[in-house]
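> Next up is a structure, given as structure tokens.
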Amino acid sequence: MPDPHTLIDKAIKLLEIEQEVYGAFSVKGIKKSENKKKVTMSFDTSTSDEALNQLSNIKSLVELEDYCKTCEILRTDLTDTNLVMGAGNPNADLMLIGEAPGKQEDLLGEPFVGRSGQLLTKIMEAINFQRNDIYIANILKHRPPDNRDPLPAERLRSLPYLLKQIEIINPKLILCLGRISAQTLLGCKDSMKDMRRIFHPFMDKYELMVTYHPAALLRNPNWKKDTWEDVQLLRKRYDEMGGKP
Ligand code: URA
Ligand code: URA
């Protein structure tokens, strides 16, 4: 029988870690996911037929990345940025989609490696995912200047490439990080409040969920509780769907 004091110490330590990641605890009722919305996807007509044709022939992530390197249309008005395609397990059942690379991501060519990336890693670890269990990408593949929000036109231009990436990864579940990611993929202008806590059907075979962006959590720690509840729900659904352990 282990010493009960050691166990209590361990429990306190765990709670402290969780509190650091998620803020103070509170358990609220969970909204039923009945009011599922029909997703309408809008495409930018400026994506040329040739690009769409090229994309439709691509079968692997390596091919997609090679092609994206040649696509000027994916760039922002910042020059000399690196392509930040995505990172993680290409066979993942969970795919996370952020907004756009920042400075660190541009330098390293990898998504979510800066401060919000570190928080994201902790959030995922708290629901028993290592970064290598999941795949992480962004709506934009290049860094916008001054970390401004991606423009609607930039988002629409990047979307067909991202959808191809999703199709290749073929996850079971998609988690949108933040409003911009969610609005782009759901093709709507709804608020975070209206988009969260629902498993939205997506591209006929996936389910998509929305939670706060880790950068938003760094600015507003009082949203951590809601994020904690969201990711618990996500993990539960992932297990129900038979996601890889
Ligand atoms: N924020 C994002 O949305 N994506 C990143 O890759 C890094 C920060
Ligand atoms: N606004 C955003 O862009 N993202 C969030 O996560 C919350 C508010």
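> Can you name the condition, by its number, that residue 32 falls short on among (1) open to solvent by 40 Å² or more (accessible area, probe 1.4 Å); (2) modelled with pLDDT of 95 or more; (3) assigned to a loop (DSSP other than H, G, I, E, B)?
The one condition residue 32 does not meet is (2).
> What are the pairs with Cβ atoms under 6 angstrom where one residue, in the range 220-245, is farther than 22 Å from residue 205 by Cβ and the other, located anywhere, is open to solvent by 30 Å² or more (accessible area, probe 1.4 Å)? Sequence gap at least six, or different chains.
Close Cβ pairs satisfying both conditions: 225/26.
> Here is a follow-up. Given the residues 226, 194, 204, which is the only one that is more than 15 Å from ligand 2 (Cβ to nearest atom) and charged (D, E, K, R)?
Only one candidate passes the filter, namely 204.
> Just to be sure I understand the filter: pairs with C-beta atoms under 8 Å, separated by 6 or more residues or on different chains, first member in the range 105-134 and more than 10 Å from residue 87 (Cα to Cα), second member small (Gly, Ala, Ser) and more than 8 Å from ligand 1 (Cβ to nearest atom). Which pairs pass?
133/88; 133/92
> A follow-up question, please. Take residue 163 and tell me if it is within 18 Å of residue 135 (Cα to Cα) and surrounded by fewer than 19 Cβ atoms within 10 Å (Cβ to Cβ).
Against the criterion (within 18 Å of residue 135 (Cα to Cα) and surrounded by fewer than 19 Cβ atoms within 10 Å (Cβ to Cβ)), residue 163 qualifies.
> A further question on this structure: Test each condition in (1) within 17 Å of residue 212 (Cα to Cα); (2) among the polar types (S, T, N, Q); (3) open to solvent by 60 Å² or more (accessible area, probe 1.4 Å) for residue 132 and report the one that comes out false.
All conditions pass for residue 132, except number (1).
> Condition (residue is near ligand 1 (Cβ under 8 Å from one of its atoms), touching an Asp or Glu at 6+ places or on another chain (Cβ under 9 Å) and part of a strand (DSSP E or B)) applied to the range 118-136: is it met by at least one residue?
yes
> Of the conditions (1) modelled with pLDDT of 95 or more; (2) away from ligand 1 (no atom under 16 Å from the Cβ), residue 204 fails just one. Which one is it?
The one condition residue 204 does not meet is (1).
> In the range 185-202, how many residues are open to solvent by 50 Å² or more (accessible area, probe 1.4 Å) and either of a type in the set (Phe, Trp, Tyr) or closer than 17 Å to residue 155 by Cβ (or both)?
Residues flagged as open to solvent by 50 Å² or more (accessible area, probe 1.4 Å) and either of a type in the set (Phe, Trp, Tyr) or closer than 17 Å to residue 155 by Cβ (or both) within the range 185-202 amount to 1.
The values are calculated or read from the model by the stated rules, or taken from the named source; none is laboratory data. Keep in mind that what you see is a predicted model, and the values were worked out from it rather than measured. All Cβ positions, glycine included, derive from the backbone under ideal geometry; neighbour counts span all protein chains shown. To get the accessible areas, we keep the full protein, side chains included, count just its heavy atoms, and leave off ligands, DNA and RNA. Shrake-Rupley method; radii C 1.70, N 1.55, O 1.52, S 1.80 Å.
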